[in-house]
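Step one of this worksheet: look at the structure below.
The values are calculated or read from the model by the stated rules, or taken from the named source; none is laboratory data. Note that the structure is a prediction, hence the values are computed from the model and not measured. Neighbour counts run over all protein chains shown; Cβ positions are idealised from the backbone, glycine included. The protein model used for the area step is the full one, side chains on, heavy atoms only, and it has no ligands, DNA or RNA in it. Shrake-Rupley method; radii C 1.70, N 1.55, O 1.52, S 1.80 Å.
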Amino acid sequence: MRDQDLPRLSRVAVRARRELGARAVSRGWRVLVVGCGWISRHVHLPYLAGLRATGGLRSLYVADADPDRATRAARDFSAEVHTGPLERARADLVLVATPPADHATLTLRALATGARVIVEKPLALTTGDAAAVLAAARRHGGWVYPLYTMRHRPEAALIRRSVLAQRIGPVREMRASWLRRDGVPATQGGTEAGVLWDLGSHLVDLALWLPDWYGNTGKARAEHQHPAAATGEVPHAGWQHRERANQAIAAPKWHGVRAEATLDPERRLHLEASWAAPGIRRDQSRIDIVGEQATLTWHTVFGWSPDRRTVPAPTLWITDADGREQVLLHHQPRDPYAEYTAQLDTAFTALTAPTSDDAVGPLEAAYASTALLHAMQTSLDTAAPVPFDIRN
Ligand SMILES: NC(=O)c1ccc[n+]([C@@H]2O[C@H](COP(=O)([O-])OP(=O)(O)OC[C@H]3O[C@@H](n4cnc5c(N)ncnc54)[C@H](O)[C@@H]3O)[C@@H](O)[C@H]2O)c1
């Protein structure tokens, strides 16, 4: 595969999966979207409205704590507003896209009605809540698909295959960072959860999934970085600026976090994330996977940042013990819609015809990443190392 073909190929694959997989099974479904904010309006509602228009769903409902937002979303995506508790919606599928604090509760309530659930990341903000979702899904025989978008990038699949095929030898160390020059979430809910849960949840998902580092116990330590300016002025995600114009966002106290985890046996994870890293001129995301024989490096820009259009080449390479580099990819997909659509296609396929090559399913993986993030968050709060157990 030539790397310039990546965006085109991923779009073709996305379309094929949508046509073949999800649509047949979901044709009769009533779908309820809870939370009609930025991600729903840009990703979930266009996708679901498209699916409904081609006969892939029966009906589409929207709900929001803010009735005006629900009404606007219903108007813009030809959906119906659902008012009252979600239990009364009799939905076959509930898509939870509220701020993180309500993800676990809404998922549990939806599961209890017998609905399948797609839930935005992070699955939960505590190990206990993630465990409750996992237990409820198992008890109800229910399906929950958490959306950790970056693993749906085509490069991620290539990296995982390479690592699991031992191209770099056993992995002992992962370094994962996502630094934005200027990108606090445009909404209060995302800001309140903090950068660890906003950007860090993607990084921890990748750090566990790419080398298959599940089934571990260990210790985590984390510290705040990049205090917000004393003026209280909030740097904003430029690409979300229009949406934030009507809202007053309280400034976060900290923009950045640095964390480390030691996972038994002898595996180390270093993580760094910032919404407003000082001294950088462009957003950058980087994953280094250090194997015993070589290091695999993925240098990219995640998410909706305009900087993803100008990522310098190469974007994916392996450096062996003698310092020789082998370039795997020169470019990255420029269009974020590809991975955001791919995650929904994969979710629909998983929810309708659950087959997976992964030993650890998406919900179990989300439990593990939540448990590790919760330990990091506790360490942030207590300034002490915190033990964790990501087995489930
Ligand atoms: N995968 C990604 O890359 C990605 C990108 C952006 C956002 N997200 C996730 O999506 C979620 C939503 O983010 P957003 O940017 O759309 O936020 P947002 O604030 O723009 O939208 C959230 C909406 O939920 C509504 N809401 C809040 N609590 C509610 C409740 N209990 N019941 C019903 N509605 C409720 C709010 O009124 C608001 O309209 C977050 O968890 C965020 O982490 C993921």
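Tally time: how many residues in region 246-291 are in a loop (DSSP other than H, G, I, E, B) and polar (S, T, N, Q)?
2
Looking only at region 57-84, filter to residues that are closer than 22 Å to ASP345 by Cβ and either aromatic (Phe, Trp, Tyr) or in contact (Cβ under 8 Å) with a residue 40 or more places away in the chain (or both); which one of those is nearest to the ligand (Cβ to nearest atom)?
Only one residue tops the list, namely ALA73.
Of everything in region 86-112, what is more than 23 Å from the chain's Cα centre (by Cα), touching a residue at least 24 places away in the same chain (Cβ under 8 Å) and surrounded by fewer than 19 Cβ atoms within 10 Å (Cβ to Cβ)? Give them in sequence order.
GLU87, ARG90, ALA112
Kindly evaluate LEU57 against the criterion of being under 23 Å from THR370 (Cβ atoms), in a loop (DSSP other than H, G, I, E, B) and touching a Leu at 6+ places or on another chain (Cβ under 8 Å).
Judged against the criteria, LEU57 is not a match.
Residue check: is VAL184 modelled with pLDDT of 95 or more and either buried (at least 22 other Cβ atoms within 10 Å of the Cβ) or farther than 23 Å from ALA156 by Cα (or both)?
No.
Any residue at all in region 263-270 that's more than 26 Å from LYS219 (Cα to Cα), open to solvent by less than 50 Å² (accessible area, probe 1.4 Å), in contact (Cβ under 8 Å) with a residue 12 or more places away in the chain and in the same structural domain as VAL195 (by TED's automatic domain parsing)?
no
Given the condition touching a helix residue (DSSP H, G or I) at 6+ places or on another chain (Cβ under 8 Å) and either within 14 Å of VAL33 (Cα to Cα) or of a type in the set (Lys, Arg) (or both), answer yes or no: does some residue in region 123-143 qualify?
The answer is no; no qualifying residue exists.
Filter region 30-40 for residues that are open to solvent by 10 Å² or more (accessible area, probe 1.4 Å) and modelled with pLDDT of 95 or more and give the result.
Hits for region 30-40 are ARG30, VAL34.
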